[in-house]
Amino acid sequence: MDILSQQQRSRAKPEFQAIILSGLGTRLGPLIESHGDDPTPKALLPINNKPMVSYCLSWLEEADIREALIVCPPKHVSGLTDHIQATSPILNVEIHAYDSESEESTSTVAILKKISSRIQAGPIKLQFPVLKRL
């Protein structure tokens with residue numbers, strides 16, 4: 001049985017890459033209103049005192065999936081970046097801004113086509129809300 005060193009595993013192409021789609025959350029009303037300069041990202045809304053995106057990231061870690069791509073509105077990138085850097089050191093997470101206001105379609109298929117060059121492995125799509133599983 002050949003056991004790869006940690007360095008070899010980090011260079012190996014991942015088998016799966018999670019694609020996490022997070023929209024504006026416009027139907028969430030006052031929950032996402034701006035508090036200060038930036039709006040509250042839908043992905044960072046707390047559920048049981050834990051940001052919604054943290055549930056997805058925890059599931060990925062438990063499944064030993066180390067690559068994730070989060071697609072969100074441009075104004076949510078800063079907040080998500082700060083949260084992920086502080087809470088998910090194991091995962092390799094890339095955040096990609098998708099400006100739904102300048103795009104013709106915001107359907108899941110349209111977004112996946114737009115980011116297809118960033119998908120490096122078999123994609124696993126995780127989409128909010130995760131409330132159904134909690």
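The values are calculated or read from the model by the stated rules, or taken from the named source; none is laboratory data. Note that this is a predicted model, so its numbers are computed, not measured. Note that we place each Cβ from the backbone using ideal geometry, even for glycine, and neighbour counts take in every protein chain shown. Protein only, heavy atoms only, side chains kept; ligands, DNA and RNA dropped before computing areas. Shrake-Rupley method; radii C 1.70, N 1.55, O 1.52, S 1.80 Å.
What to note about this one:
- Placing R0 at 25 angstrom, the Cβ-Cβ distance between Leu112 and Asp82 gives a FRET efficiency of 0.45 after rounding to 0.05.
- Accessible surface ranking that places the most exposed of Thr40, Thr26 first, with a 1.4 angstrom probe: Thr26, Thr40
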